[in-house]
Structures are given as structure tokens and as C-alpha cells.
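Below is one structure; the comments refer to it alone.
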Amino acid sequence: GYPPFSESHDSAPLNEQILKGLYTFPDEFWSEISAPAKDLIRQMMCVDPIKRLTITSVLEHPWLANDHDNTVRVDKIMYPTLQTMKSMKRAARDEEAAMDQGDETSSADIYPSSGKNNKRIKY
């Protein structure tokens, strides 16, 4: 990558560029970067905090939201416990499907310590 700020002698000091939002996307470095990606960067670097994107807005931006692979990676990073819960739900659904298909597993096999006649109740 290449930063959108310039450290050339004829430009403002770097900290001033950042504080004032003075940046460019020089074609020699940014020509391969898509317009939606540049749009996201512009909105994230807005110096006015009220107008700057929130993390939720960033995640909903078309550059991220329309890219399934990116969305999956972001979800794994942002919500690691959600991934664990999804796999647990999937296992429970698989178990329920097996029981619904006439699997011979009894509730006593699943809940051996209760000693009661456990019946599955669907709500």
C-alpha cells in the first residue's frame, strides 16, 4: 500500500495534512484501487467526527458488504464467539434432524443423569 499523505518538501507537514484531511490518491500508486475502496477510505478519514463513518457504517459500506469473502473474514474477527455459537447451533440442528428421522437414540442416551423419561417438546 501507499499512504494518501505526502511527505514531499513542497507539501504541508504530515501531522497538519492528517489533521486537516489533506490527502490525495496519486494514480501511480492508486490506479489499481477501486472507486468503492477509495470512497470508503475518504469517508473513514473525514476530519469531522460527526460525519466520519462509524464501525457499523464501515462494515455496511458496499466495498465490504458486497464482498462475501471479506464479510466472512470480518465476521470471524469481529464476532469470534458468534462463530462458535453458529457451529453449536448447527450441531444441535443435526442432532434434532437425526432424532426426527427416526434415529434410535433415546433422550436417556443424551441425558443419562436425569433418570426421568425425557421427551423432546417442540414449541
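Selection of first residues in the range 30-51 that are under 20 Å from residue 65 (Cα atoms) and of second residues that are among the aromatic types (Phe, Trp, Tyr) and open to solvent by 60 Å² or more (accessible area, probe 1.4 Å), restricted to Cβ pairs under 6 Å at least 6 apart or on distinct chains, gives the following pairs, ordered by first then second residue: 36/63; 37/63; 40/63.
Checking the structure you have, find out if any residue of the range 98-114 is outside the structural domain of residue 18 (by the TED database), at pLDDT 65 or above and touching a Ser or Thr at 6+ places or on another chain (Cβ under 7 Å). No; the residues of the range 98-114 include none that is outside the structural domain of residue 18 (by the TED database), at pLDDT 65 or above and touching a Ser or Thr at 6+ places or on another chain (Cβ under 7 Å). Could you say whether any residue in the range 47-54 is hydroxyl-bearing (Ser, Thr, Tyr) and at pLDDT below 90? Among the residues of the range 47-54, not one is hydroxyl-bearing (Ser, Thr, Tyr) and at pLDDT below 90, which makes the answer no.
Among the residues of the range 24-73, the ones that are charged (D, E, K, R) and part of a helix (DSSP H, G or I) come to 8 in all.
The values are calculated or read from the model by the stated rules, or taken from the named source; none is laboratory data. Just so it is clear, the model here is predicted, and its values are computed rather than measured. Note that we place each Cβ from the backbone using ideal geometry, even for glycine, and neighbour counts take in every protein chain shown. Surface accessibility is based on the protein's heavy atoms, side chains included, excluding ligands, DNA and RNA. Shrake-Rupley method; radii C 1.70, N 1.55, O 1.52, S 1.80 Å.
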